[in-house]
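The values are calculated or read from the model by the stated rules, or taken from the named source; none is laboratory data. Fair warning: this is a prediction, and the values are worked out from it, not measured in the lab. Here the Cβ positions follow ideal geometry from the backbone for every residue, glycine too, while neighbour counts run over all protein chains shown.
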Amino acid sequence: MSVLNELKYRYNSGGIYMQFIFLNVIAFVLLLLVRLVFYLANAMDSYFLVEQALMISSDPKLILFRPWSLLTHMFVHQGVWHLVVNMLWLNLGGMVFMHFHNTKRFVSTYFLAGLSGVLMMLLALNLIPRFAEMSYAVFASGASAAVLGIVVAAATTAPNFNLKLFVVGDVKLKWIALFAVISDILFIPEGNEGGRFGHLGGALFGYLYIRLSNSGTDLTVDFLKPWYWVKEKLSERKKPIKVVHRKPRNDHEYNQSKAEKQQQVDTILDKIKRSGYDSLSKKEKEILFKNSKEI
C-alpha cells in the first residue's frame, strides 16, 4: 500500500477525531508552504499579516472585521511542538469521547469549546486590570481550547475511564483532565495569558456541555449540516443522458413491423372472445396493454 493510500485509509477509517487531526496537520503544512513562498519572495512581513488575519484577536472590534478568524484560528499552530501536543491530546480525548457520543456531538463540542475559549480570553484580557495593557495586542491561535473541551467532556462523561500512559501506567481520565486544567490555572503568571484563559474557557464548556446534556438540555449544533446538504445536492445531479443512435427504418420495414404487431393483437383479441380476458397469459396481457397505448 502506497503512503498516499495508507493516509486515505487512516483518514476514512479513523473516525471523526482522526479526521480533525488530519485537517489540523494539513492546515499546518499548507501554511508552511505559503510561508516558504513569501520567504523566497522576500515578503515575510506580508506573510505575518496573512497569518495574523487567520488568528483570533483580543480586540472585539477587529474580530468584527475578521469573522472567519473565529473558526480559522482553531487550525493555525505556532510551530511543530504546538501542533504535536494538541494532536496528542485530541487523539486521547477524541478516542474516549467517541466511545460514548456521536460525530455530531464531537464536531459541536470541538467548535463550541473553541468559541468558548475565545469568549473567555476576551473577557479576561478586557476586564481584568492586570491585562489592560495587552488587551488590544494579543493574537491567539491553535486548537487547544477546542481540544481541552473534548478531553474534559470525555472525562465528565466517563471520569473513571482507564488509560495506559507511557511510563506512568494506568490513569483515570478524570485525573488527566484535572491535571491539564490545574496546570493552565497555575501557569497563568508564566505567560501566554490569553491562551491559558482560552484553554479554561474550552474546558468549562466541555464540562457544562455534558452536565447540561445529562439534565436534558442539549447544546449540540449540527455544524455538519451544510456539508451534508452540499453532498446531497451533488449526488442528486442528473446523470448524462445516454444517446443511442439507431439506423432509421424504411417504409417496408415499418409496415412489416406494424403488421406483425397487429397480427399479435388480433390473435389475442380472438382468444378473449373465445375464453375471456382471464385466459390470457401475463405476456399476452403486456402485449395488449403496450399496443393499446400506441393506438
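Things to note:
- Counting only helices (runs of 4 or more DSSP H) that fall entirely inside the stretch 38-140 and contain at least 2 residues that are acidic (Asp, Glu), the qualifying elements are 44-54.
- For residue 98, the conditions (1) surrounded by fewer than 17 Cβ atoms within 10 Å (Cβ to Cβ); (2) within 21 Å of residue 159 (Cα to Cα) all hold with the exception of (1).
- The stretch 20-56, residues that are within 27 Å of the chain's Cα centre (by Cα) and farther than 27 Å from residue 105 by Cα: 29, 30, 31, 32, 33, 34, 35, 50, 51, 52, 53
- Flag for residue 85 being within 20 Å of residue 20 (Cα to Cα), free of Cβ contacts under 8 Å to residues at least 12 places away in the same chain and surrounded by 13 or more Cβ atoms within 10 Å (Cβ to Cβ): yes
- Scan of the stretch 119-136 for residues that are more than 18 Å from residue 151 (Cβ to Cβ) and surrounded by 14 or more Cβ atoms within 10 Å (Cβ to Cβ), ordered by number: 119, 121, 122, 124, 125, 126, 131, 135, 136
- Close pairs (8 angstrom Cβ cut-off, 6 or more residues apart or separate chains): without any contact (Cβ under 8 Å) to a residue 24 or more places away in the chain in the stretch 185-201, among the β-branched types (Val, Ile, Thr) anywhere: 196/185; 196/188
- When each of 169, 195 is tested for being in the same structural domain as residue 103 (by TED's automatic domain parsing), at negative phi and not hydrophobic (A, V, I, L, M, F, W, C), the lone residue that passes is 195.
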